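Take a look at the following structure, please.
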Amino acid sequence: MLFVLGVLVIVVGVALSIALHEIGHLVPAKKFGVKVTQYMIGFGPTVWSRRRGETEYGIKAIPLGGYVRMIGMLPPRPGDKPGELRTLSTGRFSQMVDQARADSMEEVQPGDEDRVFYKLSPGRKIVVMMGGPLMNLLIAAVLLTGVITLYGLPQVAPKVGLLAECVPSATPTLQVPQPVCKPGDPVAPAKASGLQKGDRVLTIDGRDVTTWDQVSEAIRASQGRALSLVVQRGDGKVPITLKPAVIDRATFDAQGTPVAKDGKPVLASMGYAGITPGQELVRTPLAEAPKFVWDRTVDTASIIVKIPQKMAGVVQAAFGSGERDPNGPISVVGVGRIGGEVAAMDIPADEGGNWLKIAQLVLLIASLNLALFVFNLIPLLPLDGGHVAGAIWEAVRRGWARLRHRPDPGYVDVAKGLPIAYGMSLVLITMSVLLIYADIVKPINLFG
């Protein structure tokens, strides 16, 4: 039941995000006088609609997108009079472009000639087309800021998380850099010392501790020497004597990858206690929220840029024996599945409980909006970025003509980019189908 509830939360979040994205286009378009005939959430057959003034508002059967229909999105072909189109084009693409021009003009009624989108100034075109992506960015910024400032984010703390059962005797390999216990391995020092999950380390050998790195460094450098710890347990302070074992352990680079030489991990002798660090919620000051949002946006952009190469891994995982990359692309189905898994998790109250679930679901919706923002900036039709690119090129051409005292070159014919748009649409549909299939047969498992 909780799984279904989590999926529904994501579905509603996606629908609202799409609705607000389209409002981001609708409001400035109407403000600038463009005639908007439809505002629709979803695709396919219309489930419900109602006309308000000149605009039909409705919901369609497939809630995987939406659109705002503005008249005159494409300009007449150079040489044609507004509202008149030649129909003698040859070639498949030429006929498709002409049909698209005709569809763009079919709703232009007498008196609407100056209410078409293509006659807007380049600046206003950019405002209309950027309204949608910027709405997604605003949604993400509000949600992320709310979570990190009001609730907080889990961060590694100088406290005990999980306790290992033993001191592993197996030699680390590249496949298993952190060996598991075998029968007969000695009890792990942390477990033998009496440390418990949730203990917060206050001091080590009389020195105050404020970060987990200080704890880890003291254990690694101990070389078997006993350490005197004071930990916070509940309302009291408990002294602990911890004597780390000395073992050969794999070394890692800054990215967390095992350092190797000649196909074998590079080992180093160091202290070992058998402690996994715990986490605690830390609130971010409001002044630092813009940087956090910016960093998440950059991270999202870096993932989207790598989608073409990561799709190969998705195909191999879906149709082969490979595993899904947890940092790879997923579909709306995958996001919904993760939302369901988050809602169904059994999280103790002292570790966040239901509030942590809500925070994670909100972060999922925020991440989806960041992805919509970045993806729509790609300067190719049919994405918003394609129309923005056309408007920028129109402004450059007109500005250059004015500088050289030449006639106005007119509107940029974005219709010439429609063959690319059709190809892009085919690619997006194919990617979506593959991702949905992969998310069904080989879903990403973020929770072990």
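Sum -39500 (n - 2.57) across every DSSP H segment of at least 4 residues in the chain, then divide by the residue count to get the 222 nm mean residue ellipticity, nearest 500.
Counting only the DSSP helices, I get -14500 deg cm²/dmol.
What order do SER321, SER432 take when sorted by accessible area (1.4 Å probe), most exposed first?
SER321, SER432
For Rg/Rh (Cα atoms, Kirkwood Rh), several values are listed as (1) 0.98; (2) 1.10; (3) 1.05; flag the one computed from this structure.
Of the labelled values, this structure produces (2).
Ok, one more. Search the structure for amide H atoms under 5 Å from the amide H of TYR57, placed 1.01 Å from N in the peptide plane, and list their residues when 5 or more places away or on another chain.
Correct list: TYR39, ARG50, ARG51, ARG52.
Right, here's the next one. May I ask you to rank HIS25, HIS405, HIS387 by accessible area, largest first, using a 1.4 Å probe over the protein chains only?
Descending order: HIS405, HIS387, HIS25.
Amide H neighbours of LEU202 under 5 Å, at least 5 residues apart or on other chains, H built in the peptide plane: list them.
Those lying under 5 Å, H to H, from LEU202 are VAL230, VAL231, GLN232.
May I pose another question? Taking the chain as a Gaussian network, where each spring joins two C-alpha atoms under 10 Å apart, which residue of LEU120, LEU267, LEU434 fluctuates the most?
Evaluated over the chain, the most mobile residue of the options is LEU267.
Now for a different question. Which of the lysines could a cross-linker span from LYS306 if the Cα-Cα distance has to be under 27 Å and same-chain partners fewer than 8 positions apart are dropped?
Within the straight-line cut-off, LYS306 pairs with LYS291, LYS442.
Could you state how much accessible area GLU56 has, in square angstrom rounded to the nearest 10, with a 1.4 Å probe and all protein chains kept in place?
Here the accessible area works out near 40 Å².
If I require 27 Å or longer along the helix axis, counting alpha carbons, and a Kyte-Doolittle average no lower than -0.5, what helices from the chain are left? Use full DSSP H segments. Working shown, then result.
Values: long enough: 2-31 (43 Å, 1.75); 122-146 (35 Å, 1.30); 353-375 (33 Å, 1.67); 384-403 (29 Å, -0.16); 418-441 (34 Å, 1.94).
Length and hydropathy pass: 2-31, 122-146, 353-375, 384-403, 418-441.
With all protein chains present, calculate the accessible area of PHE43 using a 1.4 Å probe and round the result to the nearest 10 Å².
Number for this one is 90 Å².
Probe 1.4 Å, all protein chains in place: accessible area of LEU426 in Å², nearest 10?
110 Å²
Cross-link partners among lysines for LYS182, C-alpha distance below 22 Å, same-chain residues fewer than 8 apart left out?
By straight Cα distance, LYS182 reaches LYS191, LYS243, LYS264.
Follow-up. GLY66's amide H: which non-local residues (gap 5+, or another chain) put their own amide H closer than 5 Å, with H modeled 1.01 Å from N in plane and none for Pro or chain starts?
Distant-sequence amide H within range of GLY66: GLY42.
How would you rank 390-399, 200-209, highest first, on the average number of other Cβ atoms within 10 Å across their residues?
390-399, 200-209
Over the chain, what is the relative contact order in whole percent, taking alpha-carbon pairs under 8 Å and six or more residues apart?
19 percent
Rounded, prolate or oblate: which fits region 288-351 when a ≥ b ≥ c are the square roots of the eigenvalues of the alpha-carbon gyration tensor, with rounded for a/c under 1.5 and prolate only if a/b beats b/c?
oblate
Follow-up question, since we're still on this one. Which order do you get for GLU341, GLU106 if you rank them by accessible area with a 1.4 Å probe, largest at the top? Intermediate values should be presented prior to the final figure.
Details: GLU341 45, GLU106 110 Å².
My answer, sorted largest first, is GLU106, GLU341.
The values are calculated or read from the model by the stated rules, or taken from the named source; none is laboratory data. Only a predicted model underlies this, so the values are computations on that prediction, with no experimental measurement involved. Positions of Cβ are generated from backbone atoms using ideal geometry, with glycine treated the same way; all protein chains shown enter the neighbour counts. Note: areas computed on protein heavy atoms with side chains; ligands, DNA, RNA excluded. Shrake-Rupley method; radii C 1.70, N 1.55, O 1.52, S 1.80 Å.
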